[in-house]
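Each remark here refers to the structure printed beneath this line.
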Amino acid sequence: MNIIRGIHNIKEMNSNSVVTIGNFDGIHLGHQKLFSYIHKIGQEYKIPTIIILFEPQPLEFLKNKDAPVRITTFREKIKRISYFNINKVLCIRFNNFFKSLSAEDFIINILINKLHIKFIVIGEDFKFGFKRTGDFDLLEEFKNKYKFQIIKIKSLYKNNIKISSTNIRIALSQNKIKLASLLLGRSYSIFGKVVHGNAIGRRIGYPTANISLKKYSFLKNGVYAVKVRYLSNQICTGICNIGIKKNFFSTKKNRILEVYLFDQNINLYGKYIEVILYKRIRDEKIFISTKELQNQIYQDILIVKNFFEIYKN
């Protein structure tokens with residue numbers, strides 16, 4: 001899969017293409033349907049498949065700190081897109097220039113002149129261009145002149161809930177991990193690089209791998225039953241704590257995820273791991289002694305081990 005970063009790096013295609021466009025935050029079941037559809041068309045007509053996405057996501061540029069928190073980082077988004085055998089990902093930098101680009105200019109200058117679209121596959125709520133004036137109806141006005149076809153995909157629902165990034169964020173903020181996973185089409189997980197912590201866990205017999213949680217602030221603080229995918233796709237069971245270090249032995253203020261892997265003794269510093277969350281087992285607590293913390297961790301581990309013995313996955 002070839003990643004094209006920025007409009008200025010787009011070279012004119014020497015063939016027709018099939019394209020879909022969006023933020024694709026979470027790569028949920030609705031996104032997956034779009035990707036599968038363009039892959040199928042690409043195979044049938046033997047034309048390149050292209051996914052267009054935006055970085056930063058438009059609301060992150062427009063609202064800055066008030067923008068919705070991401071479900072997936074850019075790195076994870078690209079990784080999950082790669083599973084669908086897509087030929088190219090065009091990552092457009094959303095900035096003042098692109099914010100001001102009209103929907104008509106986007107269609108003509110990028111979709112037609114650069115990518116030579118033969119098919120465009122979009123969700124029924126899709127909007128694009130300056131002030132979001134571009135939609136299915138506008139594409140309809142251009143399709144005959146420029147000889148391309150539009151496929152509009154209806155929104156998907158699970159348990160009468162629309163599958164959307166917004167509804168997944170709401171589910172996670174309400175501790176409804178099973179619902180979020182249902183809408184995603186996979187177990188909800190956090191993907192990140194292991195960073196150095198304060199080594200308290202190691203000193204008390206429970207060494208942890210730590211991930212910064214700056215981009216996952218909608219998750220509630222507390223302790224979770226998890227599985228961890230690491231190195232060459234190995235998976236093991238563990239327990240994680242999400243929160244800010246406020247215990248007696250730490251002044252660290254960054255919000256982090258700390259995960260302890262059962263029956264493992266490996267160095268993961270600097271490696272990317274995926275922490276798959278299954279159940280939140282308790283709220284975050286403040287401890288006044290090392291002994292109190294050790295006792296609580298021991299009890300938490302018993303609960304998590306019992307959970308995974310009952311609920312095999």
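The values are calculated or read from the model by the stated rules, or taken from the named source; none is laboratory data. These figures come from a predicted structure and were not determined experimentally. Every residue, glycine among them, receives a Cβ derived from its backbone with ideal geometry; neighbour counts consider all protein chains shown.
Descriptive notes on the structure:
- When segment 149-164 is limited to residues that are in contact (Cβ under 8 Å) with a residue 40 or more places away in the chain and of a type outside the set (S, T, N, Q), the one that is surrounded by the most Cβ atoms within 10 Å (Cβ to Cβ) turns out to be Ile163.
- With respect to the conditions (1) in contact (Cβ under 8 Å) with a residue 24 or more places away in the chain; (2) closer than 23 Å to Lys162 by Cα, Leu59 lacks only one, and its number is (1).
- Scanning segment 214-223 for residues that are of a type in the set (Lys, Arg) and buried (at least 17 other Cβ atoms within 10 Å of the Cβ) turns up nothing.
- Elements of type helices (runs of 4 or more DSSP H) in segment 55-154, at least 1 residues being among the acidic types (Asp, Glu) and touching a strand residue (DSSP E or B) at 6+ places or on another chain (Cβ under 7 Å): 74-81, 136-146
- From Thr72, Thr20, residue being in contact with a Phe, Trp or Tyr (Cβ under 9 Å, 6 or more places away or on another chain), over 21 Å from Tyr272 (Cα atoms) and not small (Gly, Ala, Ser): Thr20
- Filter result (of a type in the set (Phe, Trp, Tyr), over 28 Å from the mean Cα position of the chain (by Cα) and buried (at least 16 other Cβ atoms within 10 Å of the Cβ)) within segment 271-313: Phe287
- Odd one out for Asp66, checked against (1) buried (at least 16 other Cβ atoms within 10 Å of the Cβ); (2) closer than 26 Å to Arg132 by Cβ: (1)
- Residues of segment 170-213 satisfying the condition of being of a type outside the set (Gly, Ala, Ser), in a helix (DSSP H, G or I) and either in contact with a Lys or Arg (Cβ under 9 Å, 6 or more places away or on another chain) or within 22 Å of Tyr157 (Cβ to Cβ) (or both): Ile170, Leu172, Ile177, Lys178, Leu179, Leu182, Leu183, Leu184, Ile200
Condition check ((1) touching a Ser or Thr at 6+ places or on another chain (Cβ under 8 Å); (2) of a type outside the set (Lys, Arg); (3) closer than 19 Å to Asp283 by Cβ; (4) not assigned by TED's automatic domain parsing to the domain that holds Lys285) across all residues:
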residue: Asn167; (1), (2), (3), (4): no, yes, no, yes
residue: Gly197; (1), (2), (3), (4): yes, yes, no, no
residue: Ile204; (1), (2), (3), (4): yes, yes, no, no
residue: Ala209; (1), (2), (3), (4): no, yes, no, no
residue: Lys220; (1), (2), (3), (4): yes, no, yes, no
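- Which numbered condition Thr20 misses (of (1) surrounded by 15 or more Cβ atoms within 10 Å (Cβ to Cβ); (2) in a helix (DSSP H, G or I); (3) in contact (Cβ under 8 Å) with a residue 12 or more places away in the chain): (2)
- Hey, His31 surrounded by 17 or more Cβ atoms within 10 Å (Cβ to Cβ) and free of Cβ contacts under 8 Å to residues at least 40 places away in the same chain or not: yes
- Listed by first and then second residue, the pairs linking a residue in segment 67-84 that is without any contact (Cβ under 8 Å) to a residue 12 or more places away in the chain to a residue that is buried (at least 16 other Cβ atoms within 10 Å of the Cβ) and part of a loop (DSSP other than H, G, I, E, B), with Cβ atoms under 9 Å apart and 6 or more places separating them unless they lie on different chains, are Ala67/Pro56; Ala67/Gln57; Tyr83/Ile27.
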